[in-house]
Amino acid sequence: MSSQLQLQEIARLSNNHPKPAHLRYQYGTAGFRTLASVLDSVLFRVGILAGLRSRKLDGKTIGVMVTASHNPEEDNGVKLVDTRGEMLEASWEAHASTLANAATTDDLIEAIEAVVRSARIDLSKPARVVYGRDTRPSGPALVAALDDGLTAVGAEIRNAGVVTTPILHYLVRAINTKGTKDAYGDDSEDGYYDKLSGAFKRLVAGKQTPSPLIVDCANGVGADAINKISPQLGESLKLMPHNTSTSTPGALNNSCGADYVKTLQRLPPSLANHLKAGQRGCSLDGDADRLMYFYIDERNQFRMLDGDKIAALVAGFIVDLVKTANLDSNVKVGVVQTAYANGSSTKYLAERLPVRCVPTGVKHLHHAAERFDVGVYFEANGHGTVLFSPGTQEILATHEPTTPAQSTALNHLRNLTQLINQTVGDAISDMLLVEAVLAHRSYSGLEWDSLYVDLPNRLVKVVVEDRHAFQTEDAERVLVSPKGLQNKIDDLVRRHDGGRSFVRPSGTEDVVRVYAEAAIKSQADELAFRVAGLVYDEAGGDPSSRPR
Ligand code: G16
């Protein structure tokens with residue numbers, strides 16, 4: 001076995017990427033994510049693991065994305081993308097953590113050999129890896145460490161450069177399906193823009209041209225993507241990009257972007273003079289995999305349209321098309337949400353179609369959505385997509401409509417399968433999807449917003465000594481550790497009209513998150529802060545971060 005891994009080369013290069021002695025790493029909600037300054041050894045080892053994963057899968061291409069998405073600029077992260085463009089298979093997350101935590105080069109070699117044995121990897125197979133990164137200044141050095149790991153493991157390397165996370169996912173699927181009946185698109189960035197813009201233009205052909213859309217690019221890689229897709233969209237949709245300073249130090253995700261909008265429920269200050277009453281805008285996050293919409297109403301109030309509202313808009317549209325195409329007896333549409341979904345959205349959706357609740361993290365939503373013929377999944381934070389099962393795609397491809405209305409609906413569904421990035425949540429694809437549905441429905445932001453009225457809610461972060469002391473079950477809705485805390489939360493919830501609250505450890509930041517909703521805003525705020533106070537008192541939080 002070892003003869004086919006160049007162990008000496010791995011050892012030599014590993015010595016250039018020592019693991020910091022005092023740190024433990026965990027492959028979490030979105031891979032490894034922490035301060036960029038402590039990620040060098042992790043990137044080297046992820047390179048090795050990516051090569052092994054590719055060999056395990058017969059030399060199919062594995063993706064590696066270097067990003068910390070919505071996190072602050074000083075953070076970075078890395079995650080692996082499996083061969084169909086989906087998140088890394090869960091059973092390999094443990095291998096990733098084991099390699100990342102091997103204390104010395106000798107321990108690392110031992111851990112690599114253990115993975116090869118336990119995963120029964122045939123080392124005679126080739127290893128192929130494509131990687132990309134976001135615009136973080138720490139990216140190039142981390143990519144150099146990744147390159148060393150890939151070289152050490154003997155992988156064929158393709159560098160996709162600075163790309164959005166969803167483009168990297170797209171590339172992985174396009175590379176692995178090239179020349180097959182499942183070909184996903186040309187395996188290039190241009191192929192991605194062509195596919196999306198072509199499908200969008202077909203979908204909105206004959207519809208009234210929408211007013212220009214303001215796009216907050218979070219000063220991240222989404223700015224490049226918006227600039228590249230704009231000319232292809234031409235007159236079909238005019239995009240007005242803002243927060244496009246990808247090289248200004250400290251600008252990324254700073255007072256802008258999808259996470260800012262969702263968490264603070266506020267317009268990024270930089271857009272204040274640009275968004276006029278009635279106008280729609282949207283925010284991407286740092287790697288353009290999340291999307292939040294908003295508009296200014298006639299009373300000049302900011303109104304947010306989050307992932308739940310996107311799910312309601314899109315699921316309703318697809319259900320109607322399926323019905324019009326006369327396919328409702330063989331194509332069932334379902335929705336997947338997390339505990340963060342606003343209670344009103346769950347009620348609205350559950351009255352119309354099946355709804356499932358799963359733990360936070362795209363991988364959980366994605367897998368649950370795969371169980372439906374058409375699975376619409378969105379986290380409230382704007383991360384989501386729609387999956388059409390292989391059986392459904394076959395039906396759409398072969399079904400013979402009997403009326404012009406059926407034919408039109410069927411074509412719209414076919415175009416939706418092309419417009420939607422089915423590998424992962426994709427802010428740009430989702431934005432075009434929303435715009436297409438709004439054009440078909442002739443909805444403004446106000447009409448879309450009126451599908452249901454959000455319950456007031458509040459999200460709070462608490463910095464604690466050890467967030468891993470917080471453990472949940474029932475799709476994160478029940479806290480089982482620390483013992484007794486859930487009962488105290490339940491007591492508080494009972495004292496707030498229409499109250500609901502839950503507590504969970506973040507998988508991407510060193511914090512515990514608290515969510516609360518209630519019938520009125522002041523109650524939702526009070527509930528969130530009182531629950532956060534309980535968490536703080538229980539867990540000995542950092543005094544400077546005591547929730548107020
Ligand atoms: C990542 C995950 C999302 C998750 C978010 C927040 O998003 O991909 O599924 O909702 O982190 O996770 P947590 O609350 O565990 O920190 P992104 O956009 O940062 O990659």
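The values are calculated or read from the model by the stated rules, or taken from the named source; none is laboratory data. All values derive from a computational prediction rather than experimental measurement. Methodologically, a virtual Cβ is constructed for each residue, glycine included, from the backbone with ideal geometry; neighbour enumeration extends over all protein chains shown.
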For residues that are among the β-branched types (Val, Ile, Thr) and away from the ligand (no atom under 16 Å from the Cβ), scanning just the range 25-45, find the one that is surrounded by the most Cβ atoms within 10 Å (Cβ to Cβ). 42
Inter-residue pairs, beta-carbon under 9 Å, first free of Cβ contacts under 8 Å to residues at least 12 places away in the same chain and in the range 282-301, second surrounded by fewer than 20 Cβ atoms within 10 Å (Cβ to Cβ), 6+ apart: 299/277
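Would you tally the residues in the range 94-131 being assigned to a helix (DSSP H, G or I) and either among the basic types (Lys, Arg) or within 27 Å of residue 178 (Cα to Cα) (or both)?
Adding up the residues that qualify gives 1.
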Kindly list, by first and then second residue, each pair from a residue in the range 506-519 that is within 15 Å of the ligand (Cβ to nearest atom) to a residue that is among the charged types (D, E, K, R) and not in a strand (DSSP E or B), limited to pairs with Cβ atoms under 6 Å and residues at least 6 apart or on different chains. 512/467
Give, as residue ranges, the helices (runs of 4 or more DSSP H) completely inside the range 326-444 that count at least 2 residues that are closer than 14 Å to residue 314 by Cα and within 16 Å of the ligand (Cβ to nearest atom). 427-441
Please find, within the range 107-131, the residue that is nearest to residue 14 (Cα to Cα) out of those that are surrounded by 14 or more Cβ atoms within 10 Å (Cβ to Cβ) and among the charged types (D, E, K, R). 107
Against the condition among the hydroxyl-bearing types (Ser, Thr, Tyr) and either assigned by TED's automatic domain parsing to the domain that holds residue 340 or at pLDDT 95 or above (or both), how does residue 283 come out, does it pass? yes
Only one of these is closer than 22 Å to residue 415 by Cα and surrounded by 19 or more Cβ atoms within 10 Å (Cβ to Cβ): 334, 281. Name it. 334
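Condition check: assigned by TED's automatic domain parsing to the domain that holds residue 391 and out of contact with any Pro (no Cβ under 7 Å at 6 or more places or on another chain). Does residue 329 satisfy that?
Yes, satisfied.
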Any chance the range 450-463 includes a residue that's aromatic (Phe, Trp, Tyr), modelled with pLDDT of 95 or more and within 16 Å of the ligand (Cβ to nearest atom)? no
Taking the range 370-423 only, how many residues are among the acidic types (Asp, Glu) and over 30 Å from residue 459 (Cβ atoms)? 3
Given the criteria touching a strand residue (DSSP E or B) at 6+ places or on another chain (Cβ under 8 Å), of a type in the set (A, V, I, L, M, F, W, C) and either assigned by TED's automatic domain parsing to the domain that holds residue 295 or within 27 Å of residue 76 (Cα to Cα) (or both), does residue 464 qualify? yes
Taking residue 301 as the residue in question, decide whether it is out of contact with any His (no Cβ under 7 Å at 6 or more places or on another chain) and away from the ligand (no atom under 16 Å from the Cβ). yes
